[in-house]
Amino acid sequence: MKILYFAWLRERIGLSEEDVDIPPEVTTISALTDFLSARSPAHTRAFADRRAIKTALDQRFVPPDTLLEGAREIAFFPPFTGG
Amino acid sequence: MTGRSMPRIVVTTEDIDVGAELAALEAGAGAVASFVGVVRGEADGRRLTSLILEHYPAMTEASLAEIAKTAANRWQLTGCTIIHRVGELTPGDRIVLAAAASAHRADALAATAFLIDWLKTDAPFWKRENFADGTSHWVSARDEDQEARNRW
């Protein structure tokens, strides 16, 4: 699965994207966040404040309890600050 | 939208020609309203040297189109334009243009305010501020912006 990071998440993790094999027991955004945060100390630090992180599944904004089924691209990012 | 079926949505590194964009909305309209966002020269009392606008390319235009569609469903619009810059900007540069055209001013003004309020919270852009003193930080989302969005 393609995982994307933006803004300070990208900087803290040191990657803008990565391809990750997701184990079958990881079925929700919330579980995926736990799984990714264990990948490296940088991931753990980046994901430390869960409430500050939003998620998009195949380019749609989704809540943490959303099922991953069939998703191709998951993006993690802080709240938007454009305009 | 009655006059034109598609809103004009642009994400660009180039400057925005506000005059030309507003003139293009005049066709079939009785009122054109607009909002232009400009990079300020300071933030929190410190001098700003540049602003970096990051975005999520695969999601950005679709998010802006969705916001424009919601506006078109709520107000009688003859046209609607959202243009957002990305990349590095300096003080005085335009960041964003949101504009709406309608037969009468009330719909054009309300739709314009709606477009910019929703753009702030619902479109995937992030700002990083670089200061003259060498420091830099990612701008935090503001509760007021969420409240402004939720009033619609």
Dipole of the protein assembly as shown (Lys/Arg Cβ +1, Asp/Glu Cβ -1, origin at the Cα centre): which of A:77, B:101, A:61 lies farthest to the positive side? B:101
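From Cα pairs below 8 angstrom and at least 6 apart in sequence, can you work out the relative contact order of chain A, rounded to a whole percent? Numbers along the way, then the final one.
Working: 130 pairs, mean separation 31.5, N = 83.
Relative contact order, chain A: 38 percent.
Which value, in debye to the nearest 20, describes the size of the charge dipole of chain A about its Cα centre when Lys and Arg Cβ atoms bear +1, Asp and Glu Cβ atoms bear -1, and nothing else is charged? Write out the running numbers ahead of the final one.
Numbers: 10 positive and 12 negative charges, 75 e Å.
For this selection, approximately 360 debye.
Normalised by the residues of chain B, what does the relative contact order come to in percent, with Cα pairs under 8 Å and at least six apart?
Values: 310 pairs, mean separation 50.4, N = 152.
About 33 percent, as a whole number.
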How far is the Cα center of segment A:1-58 from the Cα center of segment A:69-83, in Å? 10
Antiparallel as a % of all DSSP beta bridges within the protein assembly as shown, to the nearest 5? 80
Note down, for segment B:8-95, the three equivalent ellipsoid semi-axes (square root of 5 times each alpha carbon gyration tensor eigenvalue), biggest first, whole angstrom. 27, 16, 12
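Is there a simple number for the mean count of other chain Cβ atoms within 10 Å of the Cβ of residues in B:114-122, and what is it?
Values: counts 0, 1, 2, 1, 1, 3, 5, 5, 3.
Partner-chain Cβ atoms within 10 Å, mean over residues of B:114-122: 2.
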Highest-fluctuation residue, B:65, B:27, B:132 considered, GNM on chain B with Cα pairs under 10 Å: B:132
On a C-alpha basis, how far is the centre of segment B:63-78 from the centre of segment B:90-152 in Å? Whole number, if you could? 16
Filter the trypsin sites (Lys or Arg not before Pro) in segment B:23-79 down to the DSSP loop ones having no more than 13 other Cβ atoms within 10 Å, then list what survives. B:40
Between B:131, B:35, B:114, which gets the highest mean-square fluctuation from a Gaussian network model of chain B, Cα cutoff 10 Å? B:131
Can you give me the orientation-averaged projected area of the convex hull built on the Cα atoms of the protein assembly as shown, in nm²? 13.7
Would you calculate, for chain B, the mean residue ellipticity at 222 nm contributed by helices, counting each DSSP H stretch of 4 or more residues as -39,500 (n - 2.57) and dividing by all residues, to the nearest 500? -11000 deg cm²/dmol
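With a Förster radius of 25 Å, plug the Cβ-Cβ distance of residue B:90 and residue B:61 into 1/(1 + (r/R0)^6) and report the FRET value to the nearest 0.05. Please report the intermediate quantities before stating the final value.
Working: r = 25 Å, r/R0 = 0.99.
Between residue B:90 and residue B:61 the formula returns 0.50.
Suppose every Lys and Arg Cβ carries +1 and every Asp and Glu Cβ carries -1, with no other charges. What dipole size does chain B come out with about its Cα centre, to the nearest 20 debye?
Numbers: 16 positive and 21 negative charges, 67 e Å.
With Lys and Arg at +1 and Asp and Glu at -1, about 320 debye.
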Looking at the square roots a ≥ b ≥ c of the eigenvalues of the Cα gyration tensor of segment A:1-75, which shape do they give, rounded for a/c under 1.5, prolate if a/b is larger than b/c, or oblate? rounded
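Find the relative contact order for segment B:77-138 and round it to a whole percent, using C-alpha pairs within less than 8 Å whose residues are 6+ positions apart. Don't skip to the answer; put the middle values down first.
Numbers: 59 pairs, mean separation 15.0, N = 62.
Result for segment B:77-138 is 24 percent.
Kindly provide the helix-only [θ] at 222 nm of chain A, computed as the sum of -39,500 (n - 2.57) over DSSP H runs of four or more divided by all residues, to the nearest 500 deg cm²/dmol?
On the way: 3 runs with 22 residues, N = 83.
It lands at -7000 deg cm²/dmol.
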In whole angstrom, and with the biggest value first, how far do the Cα coordinates of chain B range along each principal axis? 50, 31, 30
Only four residue types carry charge here, +1 at the Cβ of Lys and Arg and -1 at the Cβ of Asp and Glu. Report the dipole size of the protein assembly as shown about the Cα centre in Debye, rounded to the nearest 20. 380
Students often get this wrong: which residues of segment B:40-71 have the backbone nitrogen under 11 Å from the point 7 angstrom along Cα-to-C-beta of residue B:130? B:49-53
Can you pull out the GluC sites (Glu not before Pro) in segment A:4-62 that DSSP calls coil and that have at most 15 other Cβ atoms within 10 Å? A:25
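Computed from the coordinates by the stated procedures, all read-outs in this text should not be read as laboratory data. Keep in mind it's a predicted model, so treat the numbers as computed, not measured. Counting neighbours? That spans all protein chains shown, and the Cβs are built from the backbone with ideal geometry, glycine included.
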